[in-house]
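*Asks:* What follows is a structure written as structure tokens; I'll ask about it next.
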Amino acid sequence: MGKNATFAKVNETTKMPTHPHSQLYHTEQMNHDIHVRHAQSIAEGLRFVWEPVLHLWDWSNEAVTVTYMQFIQKMKYEEIQAEENVSTVVQFVLLGFSELPNLQGFLSGVFSIIYMVILIGNSLIVIITRLDPALHKPMYFFLAHFSILEICYVSVTLPRYLVSLWTWDRSISLLSCATQMCLFLAVGTAECFLLAVMAYDRYVAICNPLHYPLVMTPKKCHQLAIGSWLGGMPVQIGQTCRIFSLHFCHTNQINHFFCDIPPILKLACGDTSIQEISIYVVVMLVAVVPFLLILASYSKIISTILRLPTAQGRTKMKHEEIQAEENVSTVVQFVLLGFSELPNLQGFLPGVFSIIYVAILIGNSLIVIITRLDPALHKPMYFFLAHFSILEICYVSVTLPRILVSLWTKDRRISLLSCATQLCFFLVLGTAECFFLAVMAYDCYVALCNPLHYPLVMNPRKCHQLAIGSWLGGMPVQIGQTCQIFTLHFCYSNQINRFFCDIPPIFKLACGDISVHELSVYIVVMLAAVVPFVLILASYIKIIATILRLPTAQGRTK
């Protein structure tokens with residue numbers, strides 16, 4: 001076979017078809033021409049060197065050239081196939097609540113009310129702390145900053161979601177998604193840091209009251225506030241850039257109503273284990289460390305209070321016990337003084353609290369209705385979520401309606417029996433919420449760490465038993481504690497400096513030594529709040545450890 005025939009065969013074998021991706025066509029054509037010329041030069045060199053042998057194996061030149069070109073062509077097609085599997089994503093589609101098309105109008109109304117309540121409530125806190133000179137203190141300074149942070153936190157996600165509900169356009173550009181995630185993470189980190197700063201402020205105020213004005217100076221307060229705002233920003237910007245440097249495969253649909261890390265990692269190609277490890281490290285730094293500081297601060301505060309020498313010192317009573325006993329008055333009602341120091345806002349506050357109460361009722365009722373009507377949500381997790389929503393409705397209904405009535409009627413009196421009943425329900429429901437949070441953490445632990453046993457462990461009967469136990473578990477203890485508190489005698493004043501009946505302001509009105517009662521309150525708090533919290537923490541530590549032990553990145557992000 002001659003040289004021309006061989007080269008014709010080479011050209012025929014290496015002929016490039018027009019690839020469907022037109023943007024790659026010109027580059028592929030140039031690479032193709034280079035490989036053809038390379039193959040031809042190799043064939044010519046082999047022909048010259050092996051001239052004596054080529055007349056015996058006339059096919060060798062053709063075989064070498066064709067084999068080489070087939071190898072090159074195979075490599076190129078593998079590269080093209082890999083490029084086809086990695087799409088250039090320029091936008092995402094947020095699918096949050098898209099499976100409920102009949103409720104889109106209702107959802108937009110509910111989220112609009114929630115957003116307005118958050119804006120009005122937090123703006124009111126900021127305005128009051130600025131206008132009232134009595135509130136120009138570090139504690140209220142940080143509280144105002146926290147309210148601003150809360151407004152920013154919800155404004156990162158809710159307005160964008162409301163626009164998508166109103167316009168039916170669920171697409172979001174890559175840059176907008178990255179910006180939303182970065183701001184969401186940065187503001188969330190700032191909230192964690194600010195909570196730690198507020199706990200430190202209370203620690204200094206209670207444990208070192210004489211040094212408080214020197215430690216918490218205006219300059220120091222501004223430095224702590226700025227540090228909280230900006231402290232986590234570099235880390236979260238870097239983390240966002242690292243996540244969005246990934247390639248995304250096949251789909252651009254995010255199963256969420258805003259851009260969050262877990263659903264975006266599910267769309268990523270290849271191994272994301274490095275990104276996941278960095279996320280866990282950042283969470284430990286920006287969430288767990290501030291939490292430990294908060295826990296340490298309040299532990300120190302409680303121990304300081306317990307070390308005070310007398311009950312009179314703890315409640316700041318100035319009269320001796322004997323004199324107090326001689327002046328015991330038979331209290332038949334209390335007066336709730338909450339917000340009475342703000343007479344100019346008495347007309348504004350009822351509207352604000354009414355909006356908050358209605359939003360809580362609508363939002364939690366919506367959760368209960370959806371979990372009951374949608375068969376896909378008939379699972380233990382949503383069963384407990386529905387109960388928790390009912391608890392939340394009951395919890396706020398114990399206090400808010402009474403506040404609204406007192407604001408509308410200007411009658412701030414509450415009978416001794418009504419006060420005791422309100423306190424008892426408040427404590428019982430608060431304990432039930434703590435127990436339910438622990439049960440929900442246990443449910444997640446079983447689902448993720450023992451998925452094969454999950455249907456057997458979390459059967460309907462077991463779920464109902466856990467729910468009933470959470471509702472009733474703290475009731476005997478809290479009823480007993482309420483009866484113990486209201487067996488005390490109350491001296492001189494019947495004014496409670498709060499807008500509902502709570503334990504600390506009631507203790508301040510009591511005569512005599514209340515150290516035994518205070519000790520019992522701390523023990524109950526440890527049982528009803530700290531123990532469930534430790535169980536929740538243990539469950540999620542076990543869950544994270546199980547996820548990290550999964551063999552693949554796809555398994556960890558499933």
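*Asks:* All but one of (1) open to solvent by less than 10 Å² (accessible area, probe 1.4 Å); (2) within 26 Å of I120 (Cβ to Cβ) hold for M181; which doesn't?
*Replies:* Just one mismatch for M181, condition (2).
*Asks:* So which of C419, C449 is closer than 24 Å to Q495 by Cα, among the hydrophobic types (A, V, I, L, M, F, W, C) and touching a residue at least 60 places away in the same chain (Cβ under 8 Å)? I'd like the intermediate steps shown before the answer.
*Replies:* Values: C449 fails: closer than 24 Å to Q495 by Cα.
Step by step, each of C419, C449 is checked, and only C419 is closer than 24 Å to Q495 by Cα, among the hydrophobic types (A, V, I, L, M, F, W, C) and touching a residue at least 60 places away in the same chain (Cβ under 8 Å).
*Asks:* Tell me whether segment 200-211 contains one or more residues that are out of contact with any helix residue (DSSP H, G or I) (no Cβ under 7 Å at 6 or more places or on another chain) and part of a helix (DSSP H, G or I).
*Replies:* no
*Asks:* Turning to a different aspect of this structure: Among the listed residues K300, K316, identify the single one that is out of contact with any strand residue (DSSP E or B) (no Cβ under 6 Å at 6 or more places or on another chain), modelled with pLDDT of 75 or more, open to solvent by 60 Å² or more (accessible area, probe 1.4 Å) and basic (K, R).
*Replies:* On the way: K316 fails: modelled with pLDDT of 75 or more.
One residue alone meets the criteria, K300.
*Asks:* Here is a further query. If W168 satisfies every condition in (1) more than 29 Å from V288 (Cβ to Cβ); (2) modelled with pLDDT of 85 or more but one, which is the exception?
*Replies:* (2)
*Asks:* What is the number of the single condition among (1) out of contact with any Pro (no Cβ under 9 Å at 6 or more places or on another chain); (2) within 26 Å of A538 (Cβ to Cβ); (3) open to solvent by less than 50 Å² (accessible area, probe 1.4 Å) that G480 does not meet?
*Replies:* Among (1) out of contact with any Pro (no Cβ under 9 Å at 6 or more places or on another chain); (2) within 26 Å of A538 (Cβ to Cβ); (3) open to solvent by less than 50 Å² (accessible area, probe 1.4 Å), the lone unmet condition for G480 is (2).
*Asks:* Continuing with this model, one more query. Do the conditions hold for Y140, that is, is it modelled with pLDDT of 85 or more, part of a helix (DSSP H, G or I), within 24 Å of the chain's Cα centre (by Cα) and of a type in the set (S, T, Y)? Full working, then the answer.
*Replies:* Values: modelled with pLDDT of 85 or more: yes; part of a helix (DSSP H, G or I): yes; within 24 Å of the chain's Cα centre (by Cα): no; of a type in the set (S, T, Y): yes.
Answer is no for this residue.
*Asks:* In this structure, does R498 turn out to be in contact with a strand residue (DSSP E or B) (Cβ under 7 Å, 6 or more places away or on another chain) and either among the polar types (S, T, N, Q) or open to solvent by 70 Å² or more (accessible area, probe 1.4 Å) (or both)? Talk me through it step by step, then tell me what you get.
*Replies:* Values: in contact with a strand residue (DSSP E or B) (Cβ under 7 Å, 6 or more places away or on another chain): yes; either among the polar types (S, T, N, Q) or open to solvent by 70 Å² or more (accessible area, probe 1.4 Å) (or both): yes.
Spelling it out, R498 is indeed in contact with a strand residue (DSSP E or B) (Cβ under 7 Å, 6 or more places away or on another chain) and either among the polar types (S, T, N, Q) or open to solvent by 70 Å² or more (accessible area, probe 1.4 Å) (or both).
*Asks:* Could you count how many residues in segment 421-444 are open to solvent by 20 Å² or more (accessible area, probe 1.4 Å), within 19 Å of L400 (Cβ to Cβ) and aliphatic (A, V, I, L, M)?
*Replies:* 1
*Asks:* Could you grab me the full set of residues in segment 355-384 that are open to solvent by 30 Å² or more (accessible area, probe 1.4 Å) and among the small types (G, A, S)?
*Replies:* Of everything in segment 355-384, those that are open to solvent by 30 Å² or more (accessible area, probe 1.4 Å) and among the small types (G, A, S) turn out to be S365, A376.
*Asks:* Exactly one of (1) under 30 Å from the mean Cα position of the chain (by Cα); (2) open to solvent by 70 Å² or more (accessible area, probe 1.4 Å); (3) touching a residue at least 24 places away in the same chain (Cβ under 8 Å) is unmet by Q465. Its number?
*Replies:* Of (1) under 30 Å from the mean Cα position of the chain (by Cα); (2) open to solvent by 70 Å² or more (accessible area, probe 1.4 Å); (3) touching a residue at least 24 places away in the same chain (Cβ under 8 Å), only one is false for Q465: (3).
*Asks:* Yes or no: segment 155-164 includes at least one residue that is exposed (fewer than 15 other Cβ atoms within 10 Å of the Cβ) and within 29 Å of V93 (Cβ to Cβ).
*Replies:* Here is the first cut: in segment 155-164, the ones exposed (fewer than 15 other Cβ atoms within 10 Å of the Cβ) are 159, 163.
Remaining after also requiring within 29 Å of V93 (Cβ to Cβ): 159, 163.
Yes: one or more hits.
*Asks:* Looking only at residues that are open to solvent by less than 30 Å² (accessible area, probe 1.4 Å) and in a helix (DSSP H, G or I) in segment 385-401, which one is farthest from R412 (Cα to Cα)?
*Replies:* A386
*Asks:* OK, next. Hey, does segment 402-409 have a residue that's part of a helix (DSSP H, G or I), open to solvent by 40 Å² or more (accessible area, probe 1.4 Å), modelled with pLDDT under 90 and small (G, A, S)?
*Replies:* Step one: list which residues in segment 402-409 are part of a helix (DSSP H, G or I), which gives 402-409.
Subsequent filtering for residues that are open to solvent by 40 Å² or more (accessible area, probe 1.4 Å) retains 402, 405, 408-409.
Imposing the further condition that a residue be modelled with pLDDT under 90 reduces the set to 402, 405, 408-409.
Pick out the ones that are also small (G, A, S) and you get none.
Scanning segment 402-409 turns up no residue that is part of a helix (DSSP H, G or I), open to solvent by 40 Å² or more (accessible area, probe 1.4 Å), modelled with pLDDT under 90 and small (G, A, S).
*Asks:* Name every residue in segment 158-186 that is part of a strand (DSSP E or B) and touching a Cys at 6+ places or on another chain (Cβ under 9 Å), in order of residue number.
*Replies:* Applying the first criterion (part of a strand (DSSP E or B)) to segment 158-186 yields 171-173.
If the condition is that a residue be part of a strand (DSSP E or B) and touching a Cys at 6+ places or on another chain (Cβ under 9 Å), then I172 is the only one that fits.
*Asks:* For segment 433-440, check the following and say yes or no: at least one residue is of a type in the set (V, I, T), in contact with a Leu (Cβ under 8 Å, 6 or more places away or on another chain), part of a helix (DSSP H, G or I) and within 14 Å of F388 (Cβ to Cβ).
*Replies:* Let us first name the residues in segment 433-440 that are of a type in the set (V, I, T), namely 439.
Retained after the next criterion (residues that are in contact with a Leu (Cβ under 8 Å, 6 or more places away or on another chain)): 439.
Among the residues that remain, those that are also part of a helix (DSSP H, G or I) are: 439.
Now drop any that are not within 14 Å of F388 (Cβ to Cβ), which leaves 439.
Within segment 433-440, one or more residues are of a type in the set (V, I, T), in contact with a Leu (Cβ under 8 Å, 6 or more places away or on another chain), part of a helix (DSSP H, G or I) and within 14 Å of F388 (Cβ to Cβ).
*Asks:* Please count how many residues of segment 514-543 are open to solvent by 70 Å² or more (accessible area, probe 1.4 Å), farther than 30 Å from L488 by Cβ and either touching a strand residue (DSSP E or B) at 6+ places or on another chain (Cβ under 8 Å) or of a type in the set (V, I, T) (or both).
*Replies:* Total satisfying the criteria: 2.
*Asks:* Sort through T546, T482, T487 and tell me the only one that's under 17 Å from G430 (Cα atoms) and of a type in the set (S, T, N, Q).
*Replies:* Working: T546 fails: under 17 Å from G430 (Cα atoms); T487 fails: under 17 Å from G430 (Cα atoms).
Result: T482 is the single residue among T546, T482, T487 that is under 17 Å from G430 (Cα atoms) and of a type in the set (S, T, N, Q).
*Asks:* Continuing with the same structure: Are any of the residues in segment 474-486 without any contact (Cβ under 8 Å) to a residue 12 or more places away in the chain and under 30 Å from S354 (Cα atoms)?
*Replies:* no
*Asks:* Mind checking which residues of segment 373-384 are modelled with pLDDT of 90 or more and either under 15 Å from V110 (Cβ atoms) or in a helix (DSSP H, G or I) (or both)?
*Replies:* Listed by number, the residues that qualify are P380, M381, Y382, F383, F384.
*Asks:* Test F97 against the stated conditions and say whether it is at pLDDT 85 or above and either surrounded by 15 or more Cβ atoms within 10 Å (Cβ to Cβ) or of a type in the set (K, R) (or both). First the steps, then the outcome.
*Replies:* Numbers: at pLDDT 85 or above: no; either surrounded by 15 or more Cβ atoms within 10 Å (Cβ to Cβ) or of a type in the set (K, R) (or both): yes.
Criteria not met by F97.
*Asks:* Taking Q275 as meeting all but one of (1) in contact with a strand residue (DSSP E or B) (Cβ under 9 Å, 6 or more places away or on another chain); (2) over 30 Å from F111 (Cβ atoms); (3) open to solvent by 50 Å² or more (accessible area, probe 1.4 Å), write down the number of the exception.
*Replies:* (3)
*Asks:* Okay, moving on. Restricting to segment 214-259, what's the tally of residues that are open to solvent by 80 Å² or more (accessible area, probe 1.4 Å) and farther than 23 Å from V283 by Cα?
*Replies:* 8
The values are calculated or read from the model by the stated rules, or taken from the named source; none is laboratory data. All values reported here derive from a predicted model rather than from experimental measurement. Positions of Cβ are generated from backbone atoms using ideal geometry, with glycine treated the same way; all protein chains shown enter the neighbour counts. Keep in mind that these areas ignore ligands, DNA and RNA; they rest on the heavy atoms of the full protein, side chains included. Shrake-Rupley method; radii C 1.70, N 1.55, O 1.52, S 1.80 Å.
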